[in-house]
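Only one structure is covered here, and it is reproduced in the block below.
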Amino acid sequence: MDRSSAQKEIARLRREIKKHDRLYYELARPEISDGEYDLLMHRLIDLEKQHPGLVLPDSPTQRVAGKPLPGFAQVKHPAPMLSLDNTYNEDDLREFDQRVCKGLGGQSYRYVAELKIDGVAVALFYHQGLLQYGATRGDGTMGDDISANLKTIRSIPLSIDAPEPELEVRGEVYLSKKEFVRLNDIKQQEGQAPFANPRNAAAGSLKQLDPRAVAQRKLSIFVYGMGRPPESLDQHYQAMNFLKDLGFKVNPNIELCQDISQVIDYCKQWEQKRDDLDYEIDGMVIKVDSYAQQRQLGATSHSPRWAIAYKFPARQAATILRSVEFSLGRTGVVTPVANLEPVQLSGSVVSRATLHNDDELKRKDLHYGDTVIIEKAGEIIPQVVRVLIEKRDKKARPVVMPQDCPVCRTPLRRLEGEVAWRCENVSCPAQVKGRIEHFASRGAMDIDGLGPAVVELLVNKELIGDFGDLYNLRKADLLPLERMGEKSADNLITAIEKSKGNPFWRVVYSLGIIHVGTQAARELAKRFEDMDSLAAAGCQEISNIYGLGPAVGQSVENFFRNTQNLKVLQKLKRAGVSMKSDTSTGYGGVFSGMTVVLTGGLEGYTREQAAELIISRGGNISSSVSNKTSLVVAGSDPGSKMQKAQKLGIKIIDEKEFTEMVKNI
Ligand code: IVH
């Protein structure tokens, strides 16, 4: 392609990608599948490689173009990044209001109340509309230049249509609760210390020196203000709309309040509703709306007088440690888990809590029978925060890590640089079972009827030693098993047989390679045409794939170096499990490349189940009908979406036809 057509095509691709970033990250209304998005990105990367002179600093490709840094440079904030004073109850808030009232000498004023996002404060500097650099708060005067890491966050625009030549936007980088759980799962499998909460996870991620590793973390941002707002703006609430219009992600839960009573009501509402959010908040922030009044009130050396934080109480409970279980994951890591006297904690009864690892056991100096304080980490996983030593029985025994694997008795080992003790016996029944359960699970090979109980029976009876053996099972092997009738045995054999036709990416995912989730598996299946070429690729080649990184690269290389794993792969190959990329995108499936809308009630599936079936078969879900919709699945009382689809001439199917379609992978 000549330079001028390349230039046009590059500009078009950048526009498209920016549009889809916005739809996905800010508006949560994606219009294309991840696969289609990746195709656009790869096309842009290829064209920019051919024409390096056309690469611009705000091209979406620059989000992951950073190289590992030796350390972070320091930057001075043009205006200091202050902190907020905290309040903890209604009376404190009313006192704050009285101070504001006095400070404004009888003028009328309004407040804006918004969520206090529990993440990491950052400042973003735009010069002539281009993101020039981004920094942490640091000590408020100097911060770390973490530009390369911030650029990996897709909800941060790389360029904006700003009227001002200089604009400093401030916000909170955070990790969703879902991502936090995913990250800690990986940490756990790798024998690393988990993050205590999403805030620490976000902070730890932003401090990484390799931006490619940061890109894996799926961080996000909510912006909440500006260093020096443009003169055209008079109020904070208005400024939030201005930032939203520029393409920033602004939290939608924001309220303009006429007086402090309204503020208090709004705060109380969110104290009740905070669990409904997909991210952590640790309170609310209350700000005087008018900029002129903010200036009039001024600031102390560390916090403004026009704003205050209302912190929610930490949610903790005291209970008794009954016993400790040492549970084993599919990678052999041993995790101590506390069995507790059941106790009510923020809406649920807690009877188990993770104790993380040996270091944590020692640090907390846990003894059996101890009275312990528990808290929900990131309000998700309960954990033991501390022990009430004064309540300890004199004869209490300390909790210690076992020296041998609680399942197979192999001596446990602690590898250098890891906090975890591992059972290194790859044939340890707990690991064997864990790997087979993962292989058969919904998101992986989706073998119906092969849950943990059946896996347990099959392994205990030595009918299988790894997931490759599943394909040699016959009905006669299954019939003698407990609670296995003719029909279930037939169904299981059929389900195993059917799984051979799963697309290649699912096979890659089901191998249980550390760091290779569904997204990475799809990426790998797209890049490598079959298992042999994937096995032959080294760490470097994989690390360089867009969206993957060194951790994935190393883990894939290690997996294919292990002879035991190669033997299992051989079994899969012999059985006829698909070892080749079946479509050019690696997505495969009956809904491949389709954008599907679900409307009305389905009898046989919940919304989530139907959506999962579509996604796992290559499709993409959209909540509204547009001319991008490929198919509408209409249940009972479908309503206006169906009418719109009819008008646009989009194919509509009913539940029966849907069931027929999902029978095909
Ligand atoms: S406004 C002068 N608004 O809370 C400080 N801060 O404890 C103005 N934070 O450092 C900050 N959500 O990192 C503001 N909606 C919000 C916020 C918010 C979270 C953080 C921010 C700040 C810390 C103060």
Exactly one condition in (1) modelled with pLDDT of 90 or more; (2) not in a helix (DSSP H, G or I) is not met by Ser5; state its number. (2)
What's the number of the condition Gly225 fails, among (1) at pLDDT 95 or above; (2) more than 29 Å from Ala162 (Cα to Cα)? (2)
For Pro157, are the conditions met, namely being surrounded by fewer than 17 Cβ atoms within 10 Å (Cβ to Cβ) and either under 30 Å from Thr354 (Cα atoms) or away from the ligand (no atom under 15 Å from the Cβ) (or both)? no
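With a cut-off of at least 1 residues that are on the phi < 0 side of the Ramachandran plot and either modelled with pLDDT under 90 or surrounded by fewer than 20 Cβ atoms within 10 Å (Cβ to Cβ) (or both), name the helices (runs of 4 or more DSSP H) lying wholly within segment 503-622. Don't jump to the end; show me each part of the working.
Working: elements: 504-510, 518-527, 531-536, 539-543, 550-561, 563-575, 607-616.
Fully inside segment 503-622 and qualifying: 518-527, 531-536, 539-543, 550-561, 563-575, 607-616.
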Check whether at least one residue in segment 128-136 is at pLDDT below 95 and among the hydrophobic types (A, V, I, L, M, F, W, C), and report yes or no. yes
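Would you check if there is a residue in segment 255-263 being near the ligand (Cβ under 10 Å from one of its atoms) and either farther than 16 Å from Arg94 by Cβ or in contact with a His (Cβ under 8 Å, 6 or more places away or on another chain) (or both)? Spell out how you get there, then give the answer.
Of the residues in segment 255-263, the ones near the ligand (Cβ under 10 Å from one of its atoms) are none.
No.
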Scan segment 351-373 for residues that are part of a strand (DSSP E or B), surrounded by 18 or more Cβ atoms within 10 Å (Cβ to Cβ) and modelled with pLDDT of 90 or more and jot them down. Ala353, Val372
Exactly one condition in (1) more than 14 Å from the ligand (Cβ to nearest atom); (2) assigned to a helix (DSSP H, G or I); (3) of a type in the set (A, V, I, L, M) is not met by Leu233; state its number. (2)
Is it true that Ile320 is part of a strand (DSSP E or B) and either under 25 Å from the mean Cα position of the chain (by Cα) or crowded, with 20+ Cβ neighbours inside 10 Å (or both)? no
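Just to check your reading of the model, which residue among Ala148, Ala121 is of a type in the set (A, V, I, L, M, F, W, C) and outside any helix (DSSP H, G or I)? I'd like the intermediate steps shown before the answer.
On the way: Ala148 fails: outside any helix (DSSP H, G or I).
Only one candidate passes the filter, namely Ala121.
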State yes or no: is Lys249 more than 13 Å from the ligand (Cβ to nearest atom), over 19 Å from Thr87 (Cβ atoms), touching an Asp or Glu at 6+ places or on another chain (Cβ under 6 Å) and not in a helix (DSSP H, G or I)? no
Ile464 vs. criteria in a helix (DSSP H, G or I), of a type in the set (Val, Ile, Thr) and buried (at least 17 other Cβ atoms within 10 Å of the Cβ): no
Report, by residue number, each residue of segment 137-154 that is surrounded by 21 or more Cβ atoms within 10 Å (Cβ to Cβ) and either out of contact with any Phe, Trp or Tyr (no Cβ under 8 Å at 6 or more places or on another chain) or small (Gly, Ala, Ser) (or both). Gly143, Ala148, Asn149, Leu150, Lys151, Thr152, Ile153
Counting only residues that are within 11 Å of the ligand (Cβ to nearest atom), in a loop (DSSP other than H, G, I, E, B) and under 24 Å from the mean Cα position of the chain (by Cα), segment 280-315 contains a total of 1
Restricting attention to segment 192-207, which residues are farther than 21 Å from Val385 by Cα and buried (at least 18 other Cβ atoms within 10 Å of the Cβ)? Ser205, Leu206
Given the criteria more than 16 Å from the ligand (Cβ to nearest atom), free of Cβ contacts under 8 Å to residues at least 60 places away in the same chain and of a type in the set (Val, Ile, Thr), does Val75 qualify? no
Give the residue that is nearest to Asp139 (Cα to Cα), with candidates limited to residues of segment 78-91 that are within 15 Å of the ligand (Cβ to nearest atom) and not in a loop (DSSP other than H, G, I, E, B). Asn86
Take the residues in segment 126-154 that are within 16 Å of the ligand (Cβ to nearest atom) and over 25 Å from the mean Cα position of the chain (by Cα); name whichever of them is farthest from Gly204 (Cα to Cα). Thr141
Kindly list the number of the only condition in (1) surrounded by 14 or more Cβ atoms within 10 Å (Cβ to Cβ); (2) at pLDDT below 85 that fails for Met642. (2)
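Looking only at segment 106-125, count every residue that is of a type outside the set (A, V, I, L, M, F, W, C) and either within 16 Å of the ligand (Cβ to nearest atom) or modelled with pLDDT under 95 (or both) and tell me the total.
First, pick out the residues of segment 106-125 that are of a type outside the set (A, V, I, L, M, F, W, C): 106-111, 114, 116, 118-119.
Then keep just the ones that are either within 16 Å of the ligand (Cβ to nearest atom) or modelled with pLDDT under 95 (or both); that gives 106, 111, 114, 116, 118-119.
Going through segment 106-125 one residue at a time, the tally reaches 6.
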Taking segment 374-395 and keeping only residues that are surrounded by 14 or more Cβ atoms within 10 Å (Cβ to Cβ), part of a loop (DSSP other than H, G, I, E, B) and out of contact with any Ser or Thr (no Cβ under 8 Å at 6 or more places or on another chain), one is left with Gly378, Ile380
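Could you list all residues from segment 178-203 that are within 16 Å of the ligand (Cβ to nearest atom) and assigned to a helix (DSSP H, G or I)? Walk me through it before giving the result.
First, pick out the residues of segment 178-203 that are within 16 Å of the ligand (Cβ to nearest atom): 197-203.
Answer for segment 178-203, where residues must be within 16 Å of the ligand (Cβ to nearest atom) and assigned to a helix (DSSP H, G or I): Pro198, Arg199, Asn200, Ala201, Ala202, Ala203.
Could you tell me whether Lys76 is at pLDDT below 90, loosely packed, with under 13 Cβ neighbours inside 10 Å and of a type in the set (Lys, Arg)?
Working: at pLDDT below 90: no; loosely packed, with under 13 Cβ neighbours inside 10 Å: yes; of a type in the set (Lys, Arg): yes.
Against the criterion (at pLDDT below 90, loosely packed, with under 13 Cβ neighbours inside 10 Å and of a type in the set (Lys, Arg)), Lys76 does not qualify.
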Of the residues in segment 5-39, those that are within 28 Å of the chain's Cα centre (by Cα), hydrophobic (A, V, I, L, M, F, W, C) and surrounded by 18 or more Cβ atoms within 10 Å (Cβ to Cβ) number 3
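Report yes if Glu456 is without any contact (Cβ under 8 Å) to a residue 12 or more places away in the chain and surrounded by fewer than 20 Cβ atoms within 10 Å (Cβ to Cβ), otherwise no.
Values: without any contact (Cβ under 8 Å) to a residue 12 or more places away in the chain: no; surrounded by fewer than 20 Cβ atoms within 10 Å (Cβ to Cβ): yes.
So Glu456 does not fit the description; no.
The values are calculated or read from the model by the stated rules, or taken from the named source; none is laboratory data. A quick note: this is a predicted structure, and the numbers were derived from the prediction, not measured. Every residue, glycine among them, receives a Cβ derived from its backbone with ideal geometry; neighbour counts consider all protein chains shown.
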